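Participant: Before anything else, here's the structure in question.
The values are calculated or read from the model by the stated rules, or taken from the named source; none is laboratory data. Not measured: the values here are computed from a predicted model. No Cβ is skipped: glycine too gets one built from the backbone with ideal geometry, and neighbour counts run over all protein chains shown. Quick note on the areas: whole protein, heavy atoms, side chains included, nothing else; ligands and nucleic acids left out. Shrake-Rupley method; radii C 1.70, N 1.55, O 1.52, S 1.80 Å.
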Amino acid sequence: MGDDAVRVDRGRPEPYLRKSRAEAKRVQRVLEHHCGFAVPVEPVLVFVGVTDLKVIATQLTVRVYRAREVSALAPLRGVLTKDEVERIYAIARHRRAWSAA
């Protein structure tokens, strides 16, 4: 678990990174299936109200932020068209899309 662990406020290390990657894959699979086009999904963990955050990872494939650091995502450029974003948003809100996931 060491390479996939996050320790919050002196607690024990938790496998949040592994779970976040798995959830991102699940979300991508559902969205791509229902949208009919490639949907880029990147796992991100945002911790709110923590005083200490230690990421214990050698191969960090999940972005980890404190709530006050989320603004670091702003400069990232989008790769989707407006129509694609609207389609993804519609599918993401559709309850039946997630029932078999």
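Participant: Can you give me the accessible area per residue for the chain, using a 1.4 Å probe, in Å²?
Facilitator: It amounts to 73 Å² per residue over the chain.
Participant: Contour minus end-to-end for Arg68 and Val50, with contour as 0.36 nm per residue of separation and end-to-end as the Cα-Cα distance? Could the numbers behind the result be given before it?
Facilitator: Working: separation 18, 0.36 × 18 = 6.48 nm, distance 1.05 nm.
That pair, Arg68 and Val50, stretches by 5.4 nm at full extension.
Participant: Let me ask something else about it. Out of Ala67, Ala92, Ala38, whose Cα points farthest toward the positive end of the dipole of the chain (charges: +1 Lys, Arg; -1 Asp, Glu; placed on Cβ)?
Facilitator: So the residue we want is Ala92.
Participant: Compute the acute angle (0 to 90°) between the alpha-carbon long axis of helix 16-35 and the principal axis of greatest extent of the alpha-carbon atoms of the chain; round to the nearest 10°.
Facilitator: 0
Participant: While we're looking at this one, here's another question. Restricting the count to DSSP beta bridges whose residues both fall in the chain, what percent are antiparallel, rounded to a multiple of 5?
Facilitator: 55
Participant: Can you pull out the trypsin sites (Lys or Arg not before Pro) in the stretch 62-101 that DSSP calls coil and that have at most 11 other Cβ atoms within 10 Å?
Facilitator: Here the sparse-neighbourhood loop sites are Arg77.
Participant: Now a separate question. Under 18 Å Cα-Cα from Lys54, which lysines qualify once same-chain neighbours fewer than 8 residues away are excluded?
Facilitator: In chain and number order, the partners are Lys19.
Participant: How much length would be gained if the chain were fully extended between Asp9 and Leu76, taking 0.36 nm per residue of separation minus their Cα-Cα distance, in nm to one decimal?
Facilitator: Taking 0.36 nm per residue and subtracting the Cα distance, the gain is 21.2 nm.
Participant: Stick to Cα atoms and the Kirkwood definition of Rh, then tell me Rg/Rh for the chain.
Facilitator: Looking at the chain, the ratio lands at 1.02.
Participant: Quick check: at a probe of 1.4 Å, how many percent of the accessible area of the chain sits on carbon and sulfur atoms?
Facilitator: 51
Participant: Can you return the lysines within cross-link range of Lys82? Criterion is Cα-Cα under 24 Å, with same-chain partners fewer than 8 residues away left out.
Facilitator: Straight-distance partners of Lys82: Lys25.
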